[in-house]
Amino acid sequence: VDIERARQLLGPEAADSLEKMAELAKMLSEAGLIENREGRYELTPAGLRRVGRHALNDLFSKLARDKFGQHELTRTGLGHERSQDTKPYEFGDPFNLHIERTIRNAVSRTGGGTPVTLSPEDFEIERTEQSVRSATVLMIDLSLSMPMRDNFLPAKKVAMALHSLISSRFPRDYLGLVGFSEVARIIAPRELPEVSWDYVYGTNMQHGFQLARKLLAREHGTKQIIMITDGEPTAHITASGQPQFNYPPVQETVDATLHEVLRATREGIRINTFMLDATPYLQQFIEELTRLNRGRAFFTTPETLGDYVLVDFLESRRQMSRRGRRSA
């Protein structure tokens, strides 16, 4: 940017602002948080992680102490929690050796005496939450009603926070992102900061579920879809492959959407829905969805959305870990 030229054309205040922006861009670039790609600045992976951490910290700071205790996000290490349960070491496991039980195994094997001679078969390690893998697809409503009702930014913030949480604390887990309005599309994590709503009407949950199922078909472990929406299903993909929009919703759209729900259910995919500004019709539809899928539904607000989603994800993750320990 030619600052002097801007000063002549726009005045000193505008030129000073541009100069400060240029300095800020330079600082962020030197810090490795942004980079210039084809004449425009974009967040680097490190920048995306930084933004996600800020979103996560902000949401957790509002939780204070919940039933899980204080969430501390400044820990270092591998990003998973140890438990009090142990298991025999197997090749490929994280080597979180439980010293006391390992020595006890060696003593039992050798009959006592000193020095205690250890053998690989004596090794016992602490289980971690990371030992159970989950695959999640977050579906975000990008229809025009979301920004009109001030729901879009809280939903986007939750997406960035959930991405940060999973990548830092559960790095073996999978998180896919799907945005849906008149049609649905897959969103890459690097695109999250620039994701915006679509200037169209239509809430095509059916197409969103199709793409979510496609992403989860490649993954293993416990599978779930988290859907954030404020609207009824008003669009679906017809047999000709074209989107069809109707408001109020028509039975054809409802049936097409619930058909995808049944497919997800047969594939072992749990659907948890977070509703913003839920109308009676939306509540009725989600209740039917939940009945078919045996997932859960939450009625929430923009202010509490992040609390609900993150706490529910962590609780589900802990339940998975406990089930994994019992079945091992």
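The values are calculated or read from the model by the stated rules, or taken from the named source; none is laboratory data. The structure displayed is predicted, hence computed values, not measured ones. With ideal geometry, Cβ positions are generated from the backbone for all residues, glycine too; neighbour counts draw on all protein chains shown.
Brief remarks on what is shown
- Some residue of region 248-267 being more than 22 Å from PRO147 (Cα to Cα) and not in a helix (DSSP H, G or I): yes
- Residue check for LEU144: out of contact with any strand residue (DSSP E or B) (no Cβ under 9 Å at 6 or more places or on another chain) and of a type outside the set (Ser, Thr, Tyr): yes
- Just one of the listed residues (ASN272, ASN204, ASN293, ASN246) is touching a Lys or Arg at 6+ places or on another chain (Cβ under 6 Å) and either more than 25 Å from GLU315 (Cα to Cα) or of a type outside the set (Lys, Arg) (or both), and it is ASN272.
- Of all the numbered requirements in (1) of a type in the set (A, V, I, L, M, F, W, C); (2) at pLDDT 90 or above; (3) crowded, with 20+ Cβ neighbours inside 10 Å, VAL158 misses one, and that requirement is (2).
- Scope region 140-167; condition more than 14 Å from PHE313 (Cα to Cα) and of a type in the set (S, T, N, Q); matching residues: SER143, SER145, ASN151
- Exclusive hit being surrounded by fewer than 23 Cβ atoms within 10 Å (Cβ to Cβ), over 21 Å from ILE140 (Cβ atoms) and of a type in the set (A, V, I, L, M), set ALA217, ALA239: ALA239
- All of (1) modelled with pLDDT of 85 or more; (2) surrounded by fewer than 19 Cβ atoms within 10 Å (Cβ to Cβ) hold for MET146 with one exception: (2).
- Criterion violated by ALA278 - all others in (1) buried (at least 18 other Cβ atoms within 10 Å of the Cβ); (2) part of a loop (DSSP other than H, G, I, E, B); (3) at pLDDT 80 or above satisfied: (3)
- Some residue of region 192-212 being farther than 23 Å from LEU276 by Cβ and either in contact with a helix residue (DSSP H, G or I) (Cβ under 6 Å, 6 or more places away or on another chain) or touching a residue at least 60 places away in the same chain (Cβ under 8 Å) (or both): no
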